[in-house]
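Below you'll find the structure, written out as structure tokens, and then a few comments.
The values are calculated or read from the model by the stated rules, or taken from the named source; none is laboratory data. Note that this is a predicted model, so its numbers are computed, not measured. With ideal geometry, Cβ positions are generated from the backbone for all residues, glycine too; neighbour counts draw on all protein chains shown. The area values use the complete protein model at the heavy-atom level, side chains included, leaving out ligands, DNA and RNA. Shrake-Rupley method; radii C 1.70, N 1.55, O 1.52, S 1.80 Å.
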Amino acid sequence: MESAEEVLEGLKEAIIRGNRKGALELLQRSLELKVDPQKIVDDYMIPALNVVGKRFEERKIFIPEMMIAAKSMQACLDVIKPLLPKEEGKKKGVVVIGTVFGDLHDIGKNLVVMLLENSGFEVIDLGVNVPPERFVEEARRVNAQVVGISSLLTTGDPYVKKTVETLRASEIGDRIKIICGGAALTPNFVYSIGADSYAPDAASGVSKIKEILQIDS
Ligand code: B1M
């Protein structure tokens with residue numbers, strides 16, 4: 001019989017290879033072996049995509065392989081979503097979130113959305129490639145407390161800056177809290193452009209949002 005470790009390593013490898021069906025089967029097996037879903041995401045699924053990124057950088061794989069790996073990852077996340085811990089009760093606040101203009105990466109953002117929803121926030125997800133004005137319009141329309149901007153490409157920095165500037169220049173600019181995250185960003189850059197907070201990963205995204213809204217739990 002396979003150990004949980006072998007199953008989890010198999011799951012990681014299946015995501016790297018973009019074997020969606022295999023990944024889903026191995027995910028199911030790890031859940032049957034009672035592995036903590038958050039551990040599966042943090043210790044196996046996210047590292048799988050880091051391997052994919054490294055192989056892409058080394059030109060060992062190309063866009064199609066990166067794309068099918070991402071699809072396998074997202075299919076597994078869809079299965080895991082309902083299994084992650086969920087806080088019930090009164091809504092903690094409204095967050096409008098999206099991936100910055102020019103950027104089509106959404107897995108990290110989707111993880112942030114998932115954790116925020118499970119932590120009791122109402123989340124309006126604008127998707128990917130979101131123009132600055134769209135963040136403003138939606139945040140105004142839903143009376144959001146927080147806007148979250150995700151950015152995975154270093155070429156996205158000018159658009160992150162433009163989005164923060166557009167939000168600040170709007171009539172909600174004084175009250176809206178802005179948090180930025182994603183592998184392309186650094187805290188120095190994020191604070192220098194006038195955002196309120198920076199988060200390196202999805203879990204800290206949730207805690208930073210609670211912090212800026214002064215929510216205790
Ligand atoms: Co692309 N890609 N990609 N890609 N891709 C990266 C990001 C890259 C680092 C790969 C590499 O070269 N090593 C590189 C960027 C280099 C750079 O700018 N420094 C890159 C590139 C170059 C590109 C293209 C330009 C390639 C090309 O066309 N030549 C192209 C750009 C397309 C575009 O966006 N316009 C491209 C395309 C793609 C695919 C479409 C094929 C696919 C995305 C599919 C999808 O998202 N639906 C893809 C993928 C899969 C990746 C890698 C391999 C994986 C990204 C990912 O999902 N990681 C990535 C390499 C890597 O990251 N190691 C890479 C898992 C995810 C959970 O992590 O998104 O970092 P991440 O999210 C983290 C944190 O960043 C944080 O929380 C999450 C974890 O808890 N976080 C937030 C994210 N958003 C947050 C928001 C917050 C708080 C935290 O608050 C608001």
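Listed values, structure above:
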read-out	value
All positions within the range 66-82 that are closer than 21 Å to Ser119 by Cα, surrounded by 14 or more Cβ atoms within 10 Å (Cβ to Cβ) and over 15 Å from the mean Cα position of the chain (by Cα)	Val79
Residue count for the range 34-65, restricted to those that are part of a helix (DSSP H, G or I) and over 24 Å from Leu115 (Cβ atoms)	7
Residue in the range 43-51 that is surrounded by 12 or more Cβ atoms within 10 Å (Cβ to Cβ), farther than 19 Å from Lys12 by Cα, near the ligand (Cβ under 8 Å from one of its atoms) and of a type outside the set (Val, Ile, Thr) present	no
Scope the range 22-33; condition aliphatic (A, V, I, L, M), part of a helix (DSSP H, G or I) and open to solvent by 20 Å² or more (accessible area, probe 1.4 Å); matching residues	Leu24, Leu26, Leu31
Answer from Ala169, Ala183 - the residue that is open to solvent by 60 Å² or more (accessible area, probe 1.4 Å) and more than 20 Å from the chain's Cα centre (by Cα)	Ala169
Conditions (1) in contact with a Lys or Arg (Cβ under 7 Å, 6 or more places away or on another chain); (2) open to solvent by less than 10 Å² (accessible area, probe 1.4 Å); (3) acidic (Asp, Glu): number failed by Glu122	(2)
